[in-house]
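The block underneath contains the structure these notes are about, expressed in structure tokens.
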Amino acid sequence: MAYSTSSRLPFGVVGVPQVGGAFDKFQMDATPKYNLGFKVESADGKVYRYSHFGDDVNRGVLVAQDLSESSVVDTDNAIIDSASAVTTTDGLIKSKYVQLTLASITAGQLAGGVFITTDDAGEGYTYDIVGNTATNDPATGDIRIELAQPLQVAVTSATDFCIMGNQYSNLEIATTTDAGIAGVTCATMDVSEAAWGWIQTKGRVGILQDGTIAVGGIVTLSDGTSGAVQALAGGGTDVTDVISEPIVGFCTVAGDTGGHGGFVINLE
């Protein structure tokens, strides 16, 4: 896997897309041409999002971000109090910077994600992440993140937080481990040649199929074949599937197991 420090961040407000009749859902780029998540919608309601891929993936499969690289689980006691920070304004109200104790982070790894204060001082806010330093910068074991918005309430060492990676960055084939589905690949991606391209998030689309699926049947992420869909009860009971496997859409044209069927999805 490989996250990117070259992607255009998604913080601007999207107006009318200027791709028009030139839009090619099979386009692949070696350098980014649009912001992450840039949206194009066809006249019949299909929606496409511009994405960065961290691994090679086939066409017509479900993809999701690599959570282990892009996100940080709910974490306690890892924010450095402003008085102890290298820059003593970090973490204060109206500051756009926070110093954190996080190991094994590379510069820019968290850019495009969101920083969520989950408990205690400043709880409940979601901030967009512009960028971050690598571990050991500005202090041993620490990183410094830059936010797009100023802190609305000061944070302290008692503040809990998590970080959610960008939904359209560092994509790989979806599994039950990395199950935050972003969409369906349009093209076969070779990231050594081109790491940016399009996924489909809404409308009629072909997806790799695992098992027998009835027309009209609800489908979830397969727990047997990475990147595929299966019938809602294909891996167990309906309740088990709904709890552990995201619903993708429903079947309109049944395919063969190991082949592709026709589905209607809405992952917006």
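The values are calculated or read from the model by the stated rules, or taken from the named source; none is laboratory data. Everything numeric here is computed off the predicted structure, so don't read it as measured data. Methodologically, a virtual Cβ is constructed for each residue, glycine included, from the backbone with ideal geometry; neighbour enumeration extends over all protein chains shown.
Please determine whether any residue of the stretch 47-58 is charged (D, E, K, R), crowded, with 20+ Cβ neighbours inside 10 Å, modelled with pLDDT of 95 or more and within 17 Å of Ser169 (Cβ to Cβ).
yes
For the stretch 110-136, how many residues are assigned to a loop (DSSP other than H, G, I, E, B) and closer than 16 Å to Gln99 by Cβ?
Of the residues in that region, 7 qualify.
With respect to Gly91, determine if the residue is within 23 Å of the chain's Cα centre (by Cα), at positive phi and not in a strand (DSSP E or B). Even if it seems obvious, please write down each step before you answer.
Values: within 23 Å of the chain's Cα centre (by Cα): no; at positive phi: yes; not in a strand (DSSP E or B): yes.
For Gly91, the condition - within 23 Å of the chain's Cα centre (by Cα), at positive phi and not in a strand (DSSP E or B) - is not met.
Report yes if Ser42 is among the polar types (S, T, N, Q), crowded, with 21+ Cβ neighbours inside 10 Å and more than 25 Å from Arg144 (Cα to Cα), otherwise no.
For Ser42, the condition - among the polar types (S, T, N, Q), crowded, with 21+ Cβ neighbours inside 10 Å and more than 25 Å from Arg144 (Cα to Cα) - is not met.
Give Gly21, Gly15 a once-over and let me know the one that is modelled with pLDDT under 60 and either assigned to a loop (DSSP other than H, G, I, E, B) or surrounded by fewer than 19 Cβ atoms within 10 Å (Cβ to Cβ) (or both).
Gly15
One line per residue, one yes/no per condition, for (1) assigned to a loop (DSSP other than H, G, I, E, B); (2) in the same structural domain as Thr31 (by TED's automatic domain parsing); (3) modelled with pLDDT of 95 or more; (4) crowded, with 24+ Cβ neighbours inside 10 Å:
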| position | (1), (2), (3), (4) |
| --- | --- |
| Arg144 | no, no, yes, no |
| Leu151 | yes, no, yes, no |
| Ser157 | yes, no, yes, no |
| Thr177 | yes, yes, no, no |
| Ala194 | yes, yes, yes, no |
| Leu208 | no, yes, yes, yes |
| Gly236 | yes, yes, no, no |
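Residues are listed down the side, and each one gets a yes or a no for (1) in contact with a Gly (Cβ under 6 Å, 6 or more places away or on another chain); (2) surrounded by 15 or more Cβ atoms within 10 Å (Cβ to Cβ); (3) at pLDDT below 95:
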position: Ser82; (1), (2), (3): yes, yes, no
position: Ala85; (1), (2), (3): no, yes, no
position: Thr101; (1), (2), (3): yes, yes, no
position: Asp160; (1), (2), (3): no, yes, no
position: Thr188; (1), (2), (3): no, no, no
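Just to be sure, is Phe38 within 27 Å of Asp178 (Cα to Cα) and modelled with pLDDT under 95? It would help to see each step written out before you state the result.
Working: within 27 Å of Asp178 (Cα to Cα): yes; modelled with pLDDT under 95: yes.
Yes: the conditions hold for Phe38.
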